[in-house]
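The values are calculated or read from the model by the stated rules, or taken from the named source; none is laboratory data. Note that the structure is predicted; figures quoted are calculated from it, not measured. Neighbour counts run over all protein chains shown; Cβ positions are idealised from the backbone, glycine included.
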């Protein structure tokens, strides 16, 4: 296998064309066998009624180990989350075995785009499901597509960020719907009781001064596979007490490390929290030791340098 001609250490996080994608169609109340094909998706334009269309997508990554093998990270959690959300949208479920096979097939087909181990980059995988029925009313559609595309993305160093806490929901909605990023800032909503809420598909966690890993329990945040992985690592690898609960701004003096996490950048350590006219400095503008350990262990598991729990990494 010959690698694609790319600057692997400077990929960044943006879409790059690869060779193949995967497509399966749901017609007559069943999914077809599905196939890997060239990266062109053809849909009858009459079947894309934007007023009523329903879609859902997932995100995960594949990693190349030191010995050259390729592994998916926690794909069984992705199919559980996908089907849970499809049920809410009245979209037909994807069988677990079909989902895993589709992931493996499309990654194998694009093997030359899976970054080499030394680059510490990865292959981002985007499964999505969309209705494509010809409809002009609110009837439940009978036809869907399940597709997967992939693209190589750069390594995810832990760059220090800031949290801006706001009571302005409108501002949060504007940022969430904007194509412009906040660069080194994260927005967190605070309600009238000084309780914090996740937004923007990120998940907040803190390390307290008595070494408790606290994950923010939030109804508005994305149910995060990365967050659940960090909770497991904190408890079972670092022997920490782990809590998932509400977090209040009043507790900030008891925090020694703060971070957010997601599939895109894994962990983003927080150097300060800004609320109104006050800035709270965390860990003296440095990445905390526990955050560093969490990051190193998670990356080690993803690249098979560290033994992970059963079914966390699945060989392609």
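Which residues, counting only those in the stretch 228-242, are within 17 Å of residue 203 (Cβ to Cβ) and surrounded by fewer than 18 Cβ atoms within 10 Å (Cβ to Cβ)? Those that are within 17 Å of residue 203 (Cβ to Cβ) and surrounded by fewer than 18 Cβ atoms within 10 Å (Cβ to Cβ): 228, 232, 235, 242. Scan the stretch 80-98 for residues that are assigned to a helix (DSSP H, G or I) and surrounded by fewer than 21 Cβ atoms within 10 Å (Cβ to Cβ) and the total you get is 11.
Criterion applied to 56, 15, 52 was being within 29 Å of residue 120 (Cα to Cα), part of a loop (DSSP other than H, G, I, E, B) and either touching a helix residue (DSSP H, G or I) at 6+ places or on another chain (Cβ under 8 Å) or modelled with pLDDT under 95 (or both), and the one residue passing it is 15. Among the residues making up the stretch 92-109, those that are more than 17 Å from residue 59 (Cα to Cα) and touching a strand residue (DSSP E or B) at 6+ places or on another chain (Cβ under 6 Å) are 92, 109. Residue 279 meets all of the listed conditions (1) without any contact (Cβ under 8 Å) to a residue 12 or more places away in the chain; (2) surrounded by fewer than 14 Cβ atoms within 10 Å (Cβ to Cβ); (3) not in a strand (DSSP E or B) but one, namely (3). Selection over the stretch 115-144 of residues that are at pLDDT below 95, assigned to a strand (DSSP E or B) and surrounded by fewer than 21 Cβ atoms within 10 Å (Cβ to Cβ) gives a count of 1. Residue-level check: of (1) more than 19 Å from the chain's Cα centre (by Cα); (2) over 15 Å from residue 159 (Cα atoms), residue 233 misses just (1).
When 260, 208 are screened for being under 24 Å from residue 297 (Cβ atoms) and either without any contact (Cβ under 8 Å) to a residue 24 or more places away in the chain or crowded, with 21+ Cβ neighbours inside 10 Å (or both), only 260 passes.
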